[in-house]
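First the structure, in the form of structure tokens, and then the observations on it.
The values are calculated or read from the model by the stated rules, or taken from the named source; none is laboratory data. Small disclaimer: the values here were computed from a predicted structure and weren't measured. Positions of Cβ are generated from backbone atoms using ideal geometry, with glycine treated the same way; all protein chains shown enter the neighbour counts. These area figures cover heavy atoms from the full protein model, side chains too; ligands, DNA and RNA do not enter into them. Shrake-Rupley method; radii C 1.70, N 1.55, O 1.52, S 1.80 Å.
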Amino acid sequence: MGTFFKALALVATTAVAIPSPTQADTGDFIIGLGVRAIGNTIIDATQQPTPHVVTAQSQQARSIPRIATQQTVALSRIQLKDVQYRLNLLGYNAGFPDGVAGKRTLRAIGRFQSTLGYVATGRLTQSQLEELYTRTQKKRYQKTQIDQAQPTPAQPPLPQSNPGGYSEAEKATVRIPKENKLALDPKNPPNIYGLITGMRSDETAGFLKTEGYEECVETTGLTICKKATKNLEETVSVSKVGNIIYGLSRTVSFKTAAPRSAVLTKLAEAYPNLTRFKKMTTSSSKTCLEHHTGDGASLLAPAEANPSDPETLLTLTENCRNFFAIDLEGTRNLKSMRITLYDGHPIQLAEEEQTGIFQTKSEAADELKF
């Protein structure tokens, strides 16, 4: 800019002297030089390169997102619900876990993929899904989108096999995996609409209403919701101690014909591990299997009748540590189906910590004087 003003001053000085006719050519020449100087100065100023400041960030090579080589995983609605839970735990905001791959869920998956260094496609591959499970394994039982669950103690291991084995007739007609390979997946435990044993649930009725249930009754330690459609009548019962779920059951009555094979196909998709056990039932207690296999309703019936009675719940845990079963009524066409999920660990923990119905303090006892 200093050169520009110097040139401008030169032209102004030259313009003050009025040339005579004999000096016209010389004056024109001088004025031409001044104009040319101004033009060159302006051009030089505009063409002068802008100083480039090199920062530490610009010196770092930008990483190019990788393109996943694996095929994407087809997720069932229940599996997608679990993925949404886990994305929410990591802060990716997949929205309310409803098992529907909406725009918010796809964006959340894309952001998670970008974090891993992959191109954001909104569709998870097997390795990306495994990484999601790895990053949320310790958080899965701490907080859920359903009810903002608080941290809960580690669960005991799920049953690994069904004592007793298979009959010879079943071995001859059914493709049966080896006993030592039968196990419930701790990363994807059996659930009912995403609810699992060991989960804290404060708004159970409200959540079940989002699944289409209309009639809900809540008492201390028990929530029962019902719904009816043209072909089905359903009831879901959720048993809790201190708002921690220890028992879940879902009963479905079929009003019209429901082919057993069609229902089994859907069950195998929703419960890939549980359906592989003998009679679709497993427990770490052999006595519990002997008494309740084929009749899972009888296990939780006393607790559902007396959900706030400590003795009833303690008797339940003494007789059966855990129990997971699917019961079907009917041969070719089913009349009903019942899913029973139970784990006595929350009851034992509540007794040890004297919480919920096991609290020993009371206003009546405090008021008593001797």
Given Ser261, Ser239, Ser253, Ser249, which one is of a type in the set (Ser, Thr, Tyr) and open to solvent by 60 Å² or more (accessible area, probe 1.4 Å)? Ser261
Can you go through Leu289, Leu349 and tell me which one is touching a Pro at 6+ places or on another chain (Cβ under 7 Å), open to solvent by less than 30 Å² (accessible area, probe 1.4 Å) and either within 30 Å of Arg260 (Cα to Cα) or assigned to a helix (DSSP H, G or I) (or both)? Leu289
Top-ranked residue of region 123-152 - restricted to ones that are of a type in the set (Val, Ile, Thr) and either more than 13 Å from the chain's Cα centre (by Cα) or loosely packed, with under 15 Cβ neighbours inside 10 Å (or both), ranked as modelled with the lowest pLDDT: Thr152
Considering only residues of region 203-224 that are in a loop (DSSP other than H, G, I, E, B) and open to solvent by 50 Å² or more (accessible area, probe 1.4 Å), which is nearest to Val252 (Cα to Cα)? Glu214
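Could you grab me the full set of residues in region 158-184 that are at pLDDT 80 or above and more than 20 Å from Tyr246 (Cβ to Cβ)?
Of region 158-184, the ones at pLDDT 80 or above are 183-184.
The one that is at pLDDT 80 or above and more than 20 Å from Tyr246 (Cβ to Cβ): Ala183.
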Output for Cβ contacts, cut-off 6 Å, separation at least six or different chains, first residue of a type in the set (Ser, Thr, Tyr) in region 333-352, second open to solvent by 40 Å² or more (accessible area, probe 1.4 Å), reads Ser336/Ser253; Ser336/Glu329
Filter region 273-299 down to the residues that are hydrophobic (A, V, I, L, M, F, W, C) and touching a helix residue (DSSP H, G or I) at 6+ places or on another chain (Cβ under 8 Å), then identify the one that is modelled with the lowest pLDDT. Cys288
Quick one: how many residues across region 313-346 are in contact with a strand residue (DSSP E or B) (Cβ under 6 Å, 6 or more places away or on another chain) and assigned to a helix (DSSP H, G or I)? 1
Among residues belonging to region 305-340 that are within 29 Å of the chain's Cα centre (by Cα) and of a type in the set (D, E, K, R), point out the one that is most open to solvent (accessible area, probe 1.4 Å). Arg321
